[in-house]
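The values are calculated or read from the model by the stated rules, or taken from the named source; none is laboratory data. Everything quoted here is computed from the prediction, not taken from an experiment. Reconstructed Cβ throughout: ideal geometry from the backbone, glycine too, with neighbour counts over all protein chains shown.
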Ligand SMILES: CC(C)(COP(=O)(O)OP(=O)(O)OC[C@H]1O[C@@H](n2cnc3c(N)ncnc32)[C@H](O)[C@@H]1OP(=O)(O)O)[C@@H](O)C(=O)NCCC(=O)NCCS
C-alpha cells in the first residue's frame, strides 16, 4: 500500500495553556483531529464523497508535556482502509526553542466517508479506496 500521510503544525500560544502551565489536552485532541482531517482530505481526493467525519478517537496517549512557545508538529498517516471507514495514526512531536523534538502525543482515529442526501443529511458512503 502506498503510504499516505500529511504534516500539520501548530504554535502553542497563551490561550492553549491549562492551570498547570502546559498545553491543555483538549486543545491537543482538537489539533490531532485536524491533522487527521488533512490526511483524510488527501486520501479521498478524486473520490465521489463529500467529506469524512470522525467516528472514533482512540488510544489517545499524552506522553510528554508541551509548553508555551513550543511548536507541535503532527504526522498523520492512513494505517488501514475499510469500506466506508479508514483508520489514521497521528503522532504529535513537540519542539521547543532549546529542546530536541520529542513525541508528546499519539492517537488512532477512525473516520467515515460521507455524502449529502437530498434532505441535506450526511450519510456514510463507500469511498472506493483500497489499501
Ligand atoms: C459516521 C457515521 C456517518 C457512520 O454512520 P453509521 O450508520 O453509524 O455507520 P456504521 O456504524 O455502519 O460504521 C461505518 C464504518 O465505521 C466503522 N466503525 C463504526 N464504529 C467503529 C468503531 N467504534 N471503531 C472502529 N470502526 C468503527 C464501521 O466498521 C464501518 O466501517 P466499514 O464501512 O469500513 O466497514 C455516523 O455514525 C455519524 O454521523 N456519526 C457522527 C459523526 C460526527 O459527528 N463526528 C464528529 C464531527 S466530525
query: Restricting the stretch 61-95 to residues that are within 14 Å of the ligand (Cβ to nearest atom) and within 11 Å of the chain's Cα centre (by Cα), which is nearest to residue 22 (Cα to Cα)?
result: 89
query: Would a scan of the stretch 31-43 turn up a residue that is at pLDDT 95 or above, within 16 Å of the ligand (Cβ to nearest atom) and farther than 30 Å from residue 17 by Cα?
result: yes
message: Among the residues in the stretch 43-50, are any crowded, with 16+ Cβ neighbours inside 10 Å and free of Cβ contacts under 8 Å to residues at least 60 places away in the same chain?
response: no
task: State all residues of the stretch 8-26 that are over 16 Å from residue 109 (Cβ atoms) and surrounded by fewer than 19 Cβ atoms within 10 Å (Cβ to Cβ); if no residue qualifies, say none.
output: 9, 11, 13, 14, 15, 17, 18, 19, 20, 21, 24
